[in-house]
Amino acid sequence: MTTTEFVRKTESLQTPLLKFALSLTHSQQDAEDLLQETTLRALRARDKYLEGSDFRRWVITIMRNTFINDYRKKKVRRHLNCSLTEVTETVVASAPVSNAAETNLRLQEINEMLTRLGDLYSVPFRMYFRGYSYREIADYLLLPIGTVKSRIFIARAKMKQLLAKYEPSSLAS
């Protein structure tokens, strides 16, 4: 196909291509830009068009692919072009500064609460918390597995009661 024939065929498809571009972009200006970009890409790739295949479908495929590629580029740019305050707020919200002193105090208080429970409940609870399975705890303490499960359950319940005083609703009163 000669360049003249190619241009003539492309010009005859301008109206249906513009309608298709409008259905993709929902904006007259963006549709016209997409049509222009598609025509330019089709002209550049005219040597790849196989004679005898559906020319209209070939150009529509170019248009659809151009639209998808542009959409993906814009999506990435939206994330890259956000303001410094947005980035700062995101970083601050996702990675708060840890306060080792506060964390150590809380851990110390939790350990004291566990000690108040007594060895009967605190030992199986601590082992379970460290990742031991019920079976491993039962074997180590020479207890039936059901007893281990119930002691861990009771320890959890007692810890919840002791920690309830730290909930925001109880602090307000």
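Read-outs: derived from the displayed coordinates by stated rules, not from any lab. Quantities reported herein were computed from a predicted structural model and do not represent experimental measurements. All Cβ positions, glycine included, derive from the backbone under ideal geometry; neighbour counts span all protein chains shown.
Candidate cross-link partners of residue 73 among the lysines, defined by an alpha-carbon separation under 24 Å and a same-chain spacing of 8 or more, comprise 19.
Only lysines eight or more places from residue 158 in sequence, or on another chain, were considered; those with a Cα closer than 22 Å are 149. Entry note: the range 100-172 has Rg to Rh equal to 1.05, where both radii use alpha-carbon atoms and Rh is the Kirkwood radius.
How much net charge surrounds residue 14 when only other residues with a Cβ under 13 Å from its Cβ are counted (Lys, Arg +1; Asp, Glu -1)? Around residue 14, the surrounding residues sum to +2.
The alpha-carbon atoms of the range 1-49, seen along their principal axes, cover 34, 17, 14 angstrom, with the largest extent given first. Short-range pairs are left out: with C-alpha atoms under 8 Å and at least six residues apart, the relative contact order of the range 100-172 is 30 percent.
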